[in-house]
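**Student:** There's a structure below that I have some questions on.
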Amino acid sequence: MGILQDRVAIVTGASSGAGYGTARRFAEEGAIVVASARRKERLNALVSEIAAGGGKAIAVECDLFKEEDIDKVVQTAISEFGKVDILANIGQGALDKPCFLDELTVQVALETYMGGPIQSLLFMQKCFPYMKERKYGRIINCGSQSTLSGLPGFGGYEMAKGAIQALTRNASQEWAKYGITTNVFLPAHWSDAFKNSPQGIAAGNAAAEASPMGRLGQPYEDVSPMVAFLASEAAGYINGQTIAIDGGVQLIA
């Protein structure tokens, strides 16, 4: 019996990075995973991997910029399994190549915002009635460790991720009375954001050097265990918290 046995969990951004690692971990802990992302072929690979390990998952293709797609993910979970216990809001749309502030356009900043806190809000709103009805829910949002350090070249991304932290705090105060906890984690791990441009590669290497551990984390090995704990019953008294998973770079009081 895993710590998430028979829980129904939506995992966004499940085609790569922390989303992929979290979906794997959730399934290993007994959850039924509704994996969503835009890249259907990667989702299918994830579902096959989970099934090969004895877990259960389904793939639902989702463009985070389309509210109808977000609704489709939640309604698929309800129609297939009758409930939503966990929402791991990890996806981030419009993750373009990093650029410096003097080059950041309003259009790119708005797209990053729409693909970050706005889609996170929509997923939360659409899961909320079902969690409220059952008086149980775990919402885990994904911020970024760089919001606390201000990595050059990531201004638009960090604005969006900072808004997700604020959204998390607000939901924790409004929804706790319904048995719903809402927390946000700030990972520092190798991801597409660090691989798609010279600025990204340089930022990733700098982040690794700045870590007391001398490295960046890995999504499955280092990040997903904490996300799974926050999704579990044991974390029922942890609410509204910002938790850095970064090897000790940020010491959050």
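**Student:** Six or more apart or on different chains, Cβ atoms under 6 Å: show the pairs whose first residue is in the stretch 169-187 and closer than 12 Å to F128 by Cβ and modelled with pLDDT of 95 or more and whose second is of a type outside the set (V, I, T) and part of a helix (DSSP H, G or I).
**Tutor:** Y178/K132; I180/M131; T182/A171; T182/S172
**Student:** So, one more: Does at least one position in the stretch 23-31 carry a residue that is under 15 Å from D63 (Cβ atoms) and either part of a helix (DSSP H, G or I) or in contact with a Phe, Trp or Tyr (Cβ under 9 Å, 6 or more places away or on another chain) (or both)?
**Tutor:** Kept after step one, since they are under 15 Å from D63 (Cβ atoms), are these residues of the stretch 23-31: none.
The answer is no; no qualifying residue exists.
**Student:** Still on this model: Taking the stretch 50-89 on its own, how many of its residues are in contact with a Phe, Trp or Tyr (Cβ under 9 Å, 6 or more places away or on another chain) and of a type in the set (D, E)?
**Tutor:** 1
**Student:** Further, regarding this structure: I need the full set of residues from the stretch 239-253 which are exposed (fewer than 15 other Cβ atoms within 10 Å of the Cβ) and either within 19 Å of the chain's Cα centre (by Cα) or not in a loop (DSSP other than H, G, I, E, B) (or both), in order please.
**Tutor:** Residues satisfying the conditions do not exist here.
**Student:** Filter the stretch 210-236 down to the residues that are modelled with pLDDT of 85 or more and over 20 Å from the mean Cα position of the chain (by Cα) and list them by number.
**Tutor:** S211, P212, M213, G214, R215
**Student:** Considering the stretch 1-45 alone, what residues qualify as being under 13 Å from F229 (Cα atoms) and among the hydroxyl-bearing types (S, T, Y)?
**Tutor:** T22
**Student:** How many residues, within the stretch 3-17, are modelled with pLDDT of 95 or more and either surrounded by fewer than 20 Cβ atoms within 10 Å (Cβ to Cβ) or outside any loop (DSSP other than H, G, I, E, B) (or both)?
**Tutor:** 8
**Student:** Scan (1) of a type in the set (D, E, K, R); (2) over 20 Å from S191 (Cβ atoms); (3) modelled with pLDDT under 90 for the single condition E80 breaks and write down its number.
**Tutor:** That leaves (3) as the condition not met.
**Student:** Now for a different question. Taking the options G91, G54, name whichever one is without any contact (Cβ under 8 Å) to a residue 12 or more places away in the chain, within 24 Å of R25 (Cβ to Cβ) and not in a helix (DSSP H, G or I).
**Tutor:** G54
**Student:** Here's another thing I want to ask about it. Taking the stretch 124-180 as the search range and keeping residues that are part of a helix (DSSP H, G or I) and β-branched (V, I, T), which one is farthest from V8 (Cα to Cα)?
**Tutor:** That would be T147.
**Student:** While we're here: Taking the conditions exactly as written (of a type in the set (D, E, K, R) and within 18 Å of T182 (Cα to Cα)), does K66 satisfy them or not?
**Tutor:** The answer is no for K66.
**Student:** Right, something else. What are the pairs with Cβ atoms under 8 angstrom where one residue, in the stretch 1-18, is farther than 21 Å from Q218 by Cβ and without any contact (Cβ under 8 Å) to a residue 24 or more places away in the chain and the other, located anywhere, is buried (at least 17 other Cβ atoms within 10 Å of the Cβ) and not hydroxyl-bearing (S, T, Y)? Sequence gap at least six, or different chains.
**Tutor:** No pair meets every condition.
**Student:** Same structure again: Could you please tell me which pairs satisfy a Cβ distance under 7 Å, a separation of 6+ or placement on different chains, a first residue in the stretch 142-164 that is at positive phi, and a second residue that is outside any loop (DSSP other than H, G, I, E, B) and of a type in the set (D, E, K, R)?
**Tutor:** G150/E158
**Student:** Which one is farthest from L216 (Cα to Cα), of the residues in the stretch 114-163 that are among the aromatic types (F, W, Y) and at pLDDT below 90?
**Tutor:** Among those that are among the aromatic types (F, W, Y) and at pLDDT below 90, it is Y157.
**Student:** Can L230 be described as surrounded by 18 or more Cβ atoms within 10 Å (Cβ to Cβ) and either among the acidic types (D, E) or touching a residue at least 60 places away in the same chain (Cβ under 8 Å) (or both)?
**Tutor:** Judged against the criteria, L230 is a match.
**Student:** So which residues in the stretch 181-202 are in a loop (DSSP other than H, G, I, E, B) and either within 18 Å of the chain's Cα centre (by Cα) or within 16 Å of L121 (Cα to Cα) (or both)? Walk me through it before giving the result.
**Tutor:** Of the stretch 181-202, the ones in a loop (DSSP other than H, G, I, E, B) are 188, 190-191, 195-197.
If the condition is that a residue be in a loop (DSSP other than H, G, I, E, B) and either within 18 Å of the chain's Cα centre (by Cα) or within 16 Å of L121 (Cα to Cα) (or both), then A188, W190, S191 are the ones that fit.
**Student:** Scan the stretch 209-225 for residues that are assigned to a helix (DSSP H, G or I), surrounded by fewer than 18 Cβ atoms within 10 Å (Cβ to Cβ) and not charged (D, E, K, R) and jot them down. Spell out how you get there, then give the answer.
**Tutor:** So in the stretch 209-225, the residues assigned to a helix (DSSP H, G or I) come out as 209-210, 219-225.
Filter again for surrounded by fewer than 18 Cβ atoms within 10 Å (Cβ to Cβ), leaving 209-210, 221, 225.
Residues satisfying the conditions are A210, P225.
The values are calculated or read from the model by the stated rules, or taken from the named source; none is laboratory data. In this text, all values refer to a predicted model and were calculated from it rather than measured experimentally. FYI the Cβ positions are ideal-geometry reconstructions off the backbone, even for glycines, and counts take in every protein chain you see.
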